Amino acid sequence: QVHVVESGGGLVQAGGSLRLSCAASGPTGSKYTMAWFRQVPGKERDFVAGATWSGESPNYADAAKGRFTISREHAQNTVYLQMNNLRPEDTAVYYCAADSMTGIAPYPWSYDYWGQGTQVTVSS
């Protein structure tokens, strides 16, 4: 089984920045696509950003483009999400997901391994 651990959430003012981190602990040699999703109460879990093992051509949701950057540390199956110019509408629980796949799926049902979630709150 793959164990996913994430951290880095917190409370920031609008316009501020946060960096989330996530590590997936799986079998030696595993190469996972890793992604970030977010969810607010009463809403669906939405894709934010994702990256393949190679890290080339990362995928971003429209709401994240130009403000968020996803990056990888391949050897440790570690992924980061640098979030800049945060807005109140970015407030959500952010989840890290990992799985083996050929590309980057923007759907939560495509991922079998999940972190516990970390709260991001952006004040007005």
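The values are calculated or read from the model by the stated rules, or taken from the named source; none is laboratory data. Remember, it's a predicted structure, so these values are computed and weren't measured experimentally. Reconstructed Cβ throughout: ideal geometry from the backbone, glycine too, with neighbour counts over all protein chains shown. Quick note on the areas: whole protein, heavy atoms, side chains included, nothing else; ligands and nucleic acids left out. Shrake-Rupley method; radii C 1.70, N 1.55, O 1.52, S 1.80 Å.
Quick notes on this structure:
- Qualifying residues in segment 9-39 (those that are in a strand (DSSP E or B) and among the hydroxyl-bearing types (Ser, Thr, Tyr)) - the one most open to solvent (accessible area, probe 1.4 Å): SER25
- Of the residues TRP114, TRP109, the single one that is without any contact (Cβ under 8 Å) to a residue 12 or more places away in the chain and open to solvent by 30 Å² or more (accessible area, probe 1.4 Å) is TRP109.
- Residue match in segment 75-98 (condition: basic (Lys, Arg) and either closer than 15 Å to VAL4 by Cα or under 11 Å from the mean Cα position of the chain (by Cα) (or both)): no
- In segment 85-100, of all residues being part of a strand (DSSP E or B) and under 27 Å from PRO27 (Cα atoms), the one that is most open to solvent (accessible area, probe 1.4 Å) corresponds to TYR95.
- Exclusive hit being open to solvent by 40 Å² or more (accessible area, probe 1.4 Å) and outside any strand (DSSP E or B), set GLY42, GLY103: GLY42
- Taking segment 55-84 as the range and being part of a strand (DSSP E or B) and farther than 20 Å from SER123 by Cβ as the test, the residues that pass are ASN59, TYR60, THR69, ILE70, SER71, ARG72, GLU73, THR78, VAL79, TYR80.
- Filtered residues of segment 17-51 (kept if among the polar types (S, T, N, Q) and either over 13 Å from ALA105 (Cβ atoms) or over 12 Å from the mean Cα position of the chain (by Cα) (or both)): SER17, SER21, SER25, THR28, SER30, GLN39
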